[in-house]
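The values are calculated or read from the model by the stated rules, or taken from the named source; none is laboratory data. Please read all numbers here as calculations on a predicted model, not as lab measurements. When we count neighbours, we look across all protein chains shown, and the Cβ atoms used for this are built from the backbone with ideal geometry, even at glycine. Keep in mind that these areas ignore ligands, DNA and RNA; they rest on the heavy atoms of the full protein, side chains included. Shrake-Rupley method; radii C 1.70, N 1.55, O 1.52, S 1.80 Å.
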Amino acid sequence: MEVKDGQVRARRLAQYLLGVRLAFAGGRGARIRVLLSALAVGLGVAVLLLVAAIPGMEQHRNERLYSQYDTFYGSSTAAPTDHSLLIGDASTVFQGQTIRGRVVQPDGPDAPLPPGVARYPLPGQMAVSPALKSLLSRSGSALLRERLPYPVSGTIGQAGLLGPGQLSFVLGSKQLSLSTGAVRIDQYGHYYPGKPLTPELLLLCLVGFVVMLAPVAVFLGAAARFGGEQRDRRLAALRLCGADRRMTARIAAGESLAGAGLGLVVGVLLFLLGRQLMQSVTVQGVSFFAQDVSPQPAPAALVLVLVPLLAVGATLLAMRGVSVDPLGVVRRGGGRRRRVWWRTPAPVAGLAVLLRVVRDPEGLQQNQGAALAGLGTVLLLAGVASLLPWLVGAVTRRAGGGLLSWQLAVRRLEFGGASTGAVGGIVVAVAGAIALQTLFTGVAAGYDPPPLPPGAVGAPGAGYQAQVTIPGGAATIAGQAASFRAGPDVRAAIGFTQVELTGPGGAVADLVIADCTTLRTFAVLPHCADGEFFATRAAAGGGTSGFSPGQGVGFGVTATGGSGPAWRLPVRTIPVSARADPLAGSYDPPEAEFLATPGAVPAGLLRDQGSTVYVDYDQSRPDALDQLRTTAALISPMATVIVPGQVTVDHNFSVVSRALVIGAALTLLLIAASLLVGLLEQLRERRRALAVLHAFGTARRVVALSVLWQNVLPMALGLLLAVVGGLALGGVLLHLAQLPVAFDWGAIGLMTGLGALSVLVVTALSLPPLMRLMRPGGLRYE
């Protein structure tokens, strides 16, 4: 019995291998069909391999990110050693692009080198990343060259960059100190445990993953059925030679297996080529090195196994609707009504599964809840796609007369037209994109900055539009403010130093040090001269703050959080009245209890203090903010510019949103390429019918319009299904994430339009081959 079973399996394997042989030995047409199928399968395999590489890409990026954690873990009190260095943050922004900058000063010969840097740059010189070097050389980067006027002495290597597109520099210095904002470190890189994804972001990642992979599965299944008409003739000949129906089905599956096998090779080659090209592409500041894009072994092996199985399964399923006889092939789908009863359980089951997860949203962070959410999304999207053939069949049965091109398209769709299957991928992609955009809009609303209150910085009526903090700049504050006032597009600038005073019993008070003109913006001064000291009415004579003239206080705060150097308040203190909202609603205005001119404070105490400059500039000028940042960087590379609307973006949300943008772009490219390959294959299979139509007098314009209608009708019906299914899925996902249900109709219209545009563009690209196929040479028959 075991021998017989082995013989049966051997015969079945031989039948599959015969199909593989026929795919390559069936003439020029068969080889073209295999190549087209391999190209379509290869596109899908390349995307799947890229998905399999995502965990490795994230791991490599995190490792590089850990190596860049330096100033966050530095010490502002540690003593210098031969193994330590001083480092300061000099990051800046130019034309919306973040540039990572570090100022370094080694304490000894054994100080660790920054990652990717072969040697420390000399004071006043810098090492730059290749991307920053390219940016500095561009014609529109004059302000950046002015901001970073240092000679380039080296290049930052791959070990010190997140990706080839990262903008980064390391500046050498000999003027750093702990008092000017630098910190001391003895090593680079610290592991930082990332914050876990919130349930909303986890759901967003899960839906995005499903939405981007669903069209790949649809196109792989469609590609496995390419070349049906020519294959049918070969199968009919095999039936004439004595093969039964099961044998012919296996031979047909073997032909599809040949295309799938070759597609695996094409997919691997496309993946290797694509990851090399990825080095030159940066999307929203994210880029990757080619060697970082390596598929994980287990998912990659799964792809290599599942793709051929999918090709075989799709062909065997398609052969169930075909009757292969010795005299020809009859497709049962031609005049038979498509039934809807077996198509509805999938979307209904998908909604039921998602609603089950809605009742327990906390379970989303567990494996079971995440799996159910993914399963529900897959079922709903697959159900929407399965409804398209039934809807197209229902419409074409009721379509009456009309233009000749319309009648040709309707009859082609009614009797087994393949456009429905090709547009099915569009339906899945658009429905998933609408649901994903709906969920993304709801999640993003929670990360938007709160609206600006009236009078706040950036709001109408705000006095100053930017705040610049300069470490260790208290001694030269007057010159700093003058530098900003001299800049273009600047209307006003005031500078001051704010210091926290510590009194007996832990009492604290704020002291503002500035020239007389600036102090008058904080209080009503009866008179002012350098060397005078003022106190508001609440602080004068003891008041509510617990300070009195001549009292000893701590000047500032040390790095460890204790009181700063001892200082005695001036005995001659002039009481004044503080102004309400002295900086006209600007960002983080100080509430000073004491005011002092520079002459009232010992110069030694000011040496270690930072300064603050408020700037009112013309925001309507395109380069005004970059000019402001350039002025600040020339004063101190470690100066920080805070502007309206600059809020700290959640790292996880930023990563997820960028990944979705990259994935959406790849999915769109896959859709367009696969549609074009599929349509060209259909036209090649119909070349004889097209040539016959033209030979009987049918105008080329009529045939071209029929091809257009044949794609437009399924597209319109498919997009209708996609909008309905996408809105339903998006609403359920918002409920699942416990977010208010709201739809971005502009984005929904844009995605629907892109889906329609992709079909129209592909149709337009197929017109030149269509014209060639209608030549009289297409009537040849062997």
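Condition first: over 30 Å from Trp390 (Cβ atoms), of a type in the set (S, T, N, Q) and open to solvent by 60 Å² or more (accessible area, probe 1.4 Å). Can you find one or more residues in the range 694-715 that meet it? Looking for residues that are over 30 Å from Trp390 (Cβ atoms), of a type in the set (S, T, N, Q) and open to solvent by 60 Å² or more (accessible area, probe 1.4 Å), one finds none in the range 694-715, hence no. From the list Val378, Val357, Val348, Val305, the lone residue that is in a helix (DSSP H, G or I), modelled with pLDDT of 65 or more and under 21 Å from Leu717 (Cβ atoms) is Val348. Taking the criterion of being under 26 Å from Gly393 (Cβ atoms) and surrounded by fewer than 22 Cβ atoms within 10 Å (Cβ to Cβ), the residues of the range 722-752 that qualify are Val723, Val724, Leu727, Ala728, Thr752.
The number of residues in the range 174-186 that are open to solvent by less than 30 Å² (accessible area, probe 1.4 Å) and either touching a His at 6+ places or on another chain (Cβ under 7 Å) or of a type outside the set (D, E, K, R) (or both) comes to 4. Tell me, which residue of the range 769-779 that is in a helix (DSSP H, G or I) and open to solvent by 70 Å² or more (accessible area, probe 1.4 Å) is nearest to Gly697 (Cα to Cα)? It comes out as Pro776. Comparison of Thr521, Thr560, Thr544, Thr536 shows that the only residue that is farther than 30 Å from Ile642 by Cα, among the β-branched types (Val, Ile, Thr) and at pLDDT below 90 is Thr544.
In the range 62-173, counting only strands (runs of 3 or more DSSP E) that sit wholly within it, the ones holding 2 or more residues that are touching a helix residue (DSSP H, G or I) at 6+ places or on another chain (Cβ under 7 Å), surrounded by 15 or more Cβ atoms within 10 Å (Cβ to Cβ) and not small (Gly, Ala, Ser) span 85-89, 92-94, 152-155.
Could you list all residues from the range 462-503 that are surrounded by 22 or more Cβ atoms within 10 Å (Cβ to Cβ) and small (Gly, Ala, Ser)? Of everything in the range 462-503, those that are surrounded by 22 or more Cβ atoms within 10 Å (Cβ to Cβ) and small (Gly, Ala, Ser) turn out to be Ala466, Gly472, Gly473, Ala474, Ala481, Ala493, Gly495.
Taking residues in the range 253-278 that are more than 18 Å from Pro297 (Cβ to Cβ), and partners anywhere that are of a type in the set (Phe, Trp, Tyr) and open to solvent by 50 Å² or more (accessible area, probe 1.4 Å), the pairs with Cβ atoms closer than 8 Å and at least 6 places apart or on different chains are Ala253/Tyr16; Gly254/Tyr16; Leu257/Tyr16; Ala258/Phe24.
With respect to the stated conditions, Asp616 fails to be modelled with pLDDT of 70 or more, more than 25 Å from Ser179 (Cα to Cα) and assigned to a helix (DSSP H, G or I). For the range 174-189, the set of residues classified as assigned to a loop (DSSP other than H, G, I, E, B) and either in contact with a Lys or Arg (Cβ under 6 Å, 6 or more places away or on another chain) or on the phi < 0 side of the Ramachandran plot (or both) consists of Lys174, Gln175, Leu176, Ser177, Ala182, Asp186, Gln187, Tyr188, listed by residue number.
Mind counting the residues in the range 286-306 that are open to solvent by less than 50 Å² (accessible area, probe 1.4 Å) and closer than 24 Å to Gln158 by Cβ? Going through the range 286-306 one residue at a time, the tally reaches 10.
Of all residues in the range 619-643, those that are part of a helix (DSSP H, G or I) and either aliphatic (A, V, I, L, M) or open to solvent by 10 Å² or more (accessible area, probe 1.4 Å) (or both) total 11. Filtering the range 308-318 to residues that are at pLDDT 75 or above and either open to solvent by 30 Å² or more (accessible area, probe 1.4 Å) or within 16 Å of Met247 (Cα to Cα) (or both) leaves Leu309, Leu310, Val312, Gly313.
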